[in-house]
1. When you scan the range 109-125, how many residues do you find that are touching a helix residue (DSSP H, G or I) at 6+ places or on another chain (Cβ under 8 Å) and either modelled with pLDDT under 95 or under 20 Å from ALA44 (Cβ atoms) (or both)?
2. Considering only residues that are open to solvent by less than 10 Å² (accessible area, probe 1.4 Å) and in contact with a Phe, Trp or Tyr (Cβ under 8 Å, 6 or more places away or on another chain), which ones fall in the range 149-163?
3. Checking the conditions here, which among LEU200, LEU226 is assigned to a helix (DSSP H, G or I) and either open to solvent by less than 10 Å² (accessible area, probe 1.4 Å) or free of Cβ contacts under 8 Å to residues at least 60 places away in the same chain (or both)?
4. Just checking, which of ALA184, ALA166 is under 18 Å from the mean Cα position of the chain (by Cα), open to solvent by less than 50 Å² (accessible area, probe 1.4 Å), aliphatic (A, V, I, L, M) and on the phi < 0 side of the Ramachandran plot?
5. Any residue at all in the range 90-100 that is within 21 Å of ILE148 (Cα to Cα) and either outside the structural domain of ALA183 (by the TED database) or among the small types (Gly, Ala, Ser) (or both)?
6. Within the range 103-120, is there a residue that is open to solvent by 50 Å² or more (accessible area, probe 1.4 Å), closer than 29 Å to PRO224 by Cα and of a type outside the set (Lys, Arg)?
7. (1) within 17 Å of the chain's Cα centre (by Cα); (2) modelled with pLDDT under 95; (3) in a loop (DSSP other than H, G, I, E, B): which one isn't true of TYR156, the others all being true?
8. Take the range 206-223 and flag every residue that is among the aliphatic types (A, V, I, L, M) and open to solvent by 80 Å² or more (accessible area, probe 1.4 Å).
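The values are calculated or read from the model by the stated rules, or taken from the named source; none is laboratory data. Note that this is a predicted model, so its numbers are computed, not measured. Note: ideal-geometry Cβ built from the backbone for every residue, glycine included; neighbour counts use all protein chains shown. All accessible areas refer to the heavy atoms of the entire protein, side chains included, with ligands and DNA or RNA removed. Shrake-Rupley method; radii C 1.70, N 1.55, O 1.52, S 1.80 Å.
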Amino acid sequence: MTDIRNIVILTGAGISAESGLATFRGPDGLWEGHRVEDVCTPEALARNPALVHRFYDERRAKLAEVVPNPAHEALAALDRAWPGDLLIVTQNVDDLHERAGASRLLHMHGELKSALCAACGKAVAWADPLPPGSACTGCGAPSLRPDIVFFGEMPYDMERIEEALAQADLFVSIGTSGAVYPAAGFVQMARHYGARTLELNLDPSAGSSYFEESRLGPASELVPELVSDLLG
């Protein structure tokens, strides 16, 4: 990998599962006992805001019980040492990448420790429970909601992600299902721009056939091995 300079890394639920966080697509389409449609759509928020807010309050509280695993720590080490461009794009809403020390990072699906004003669009750091009707510190409207990109909403920073993919020499996908768009299409975009593509996953994903290489196994083993290869 001596010819690699610019890297884009996509991480999904599989990288945090080894820290004890539930993956998004569990058995029977449930997420922590809830149908995704009941807790992760704008319609669900409008229909039952108490349920949606409580659900994300519980997910936020769960963060205090988990710690970054060797995969998060390896990516943070890569972030500190890599001399070229590096962008870690995570679909996860947890804060494990940050707690491991990664900084060249963006959350395309939002963050549990952030609240978004539905009235003015301001996002603020938020670590406590977020009851419906909480007031925005910017405009004062009682419109704060979890800063989570629901199904049907546009992920964050798509323009920046595409720019990074256009310049990437290597695209790596770690612990993703390959079933949630637009992230599932990043591998095709990266290949279009000429990047090498590598998948690290516990099992083959829905998009495995698009990658030049797939390595199967726990992220806590595969990611440190990859980082060691990259840093020599």
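1. So in the range 109-125, the residues touching a helix residue (DSSP H, G or I) at 6+ places or on another chain (Cβ under 8 Å) come out as 112-113.
Checking which are either modelled with pLDDT under 95 or under 20 Å from ALA44 (Cβ atoms) (or both) leaves us with 112.
The qualifying residues number 1.
2. Of all residues in the range 149-163, those open to solvent by less than 10 Å² (accessible area, probe 1.4 Å) come to 150, 161.
ILE161, the sole residue that qualifies.
3. Working: LEU200 fails: assigned to a helix (DSSP H, G or I).
Step by step, each of LEU200, LEU226 is checked, and only LEU226 is assigned to a helix (DSSP H, G or I) and either open to solvent by less than 10 Å² (accessible area, probe 1.4 Å) or free of Cβ contacts under 8 Å to residues at least 60 places away in the same chain (or both).
4. Working: ALA166 fails: under 18 Å from the mean Cα position of the chain (by Cα).
Exactly one residue qualifies, and that residue is ALA184.
5. Looking only at the range 90-100, we keep the residues that are within 21 Å of ILE148 (Cα to Cα), and these are 90-99.
When the remaining residues are screened for being either outside the structural domain of ALA183 (by the TED database) or among the small types (Gly, Ala, Ser) (or both), the result is none.
The answer is no, given that none of the residues of the range 90-100 is within 21 Å of ILE148 (Cα to Cα) and either outside the structural domain of ALA183 (by the TED database) or among the small types (Gly, Ala, Ser) (or both).
6. Step one: filter the range 103-120 for residues open to solvent by 50 Å² or more (accessible area, probe 1.4 Å), giving 103-104, 111, 113, 118-120.
From what's left, closer than 29 Å to PRO224 by Cα: 103-104, 111, 113.
Now drop any that are not of a type outside the set (Lys, Arg), which leaves 103, 111.
Looking for residues that are open to solvent by 50 Å² or more (accessible area, probe 1.4 Å), closer than 29 Å to PRO224 by Cα and of a type outside the set (Lys, Arg), one finds at least one in the range 103-120, hence yes.
7. (2)
8. Of all residues in the range 206-223, those among the aliphatic types (A, V, I, L, M) come to 206, 216, 219, 222-223.
Scanning the range 206-223 gives a single hit, LEU216.
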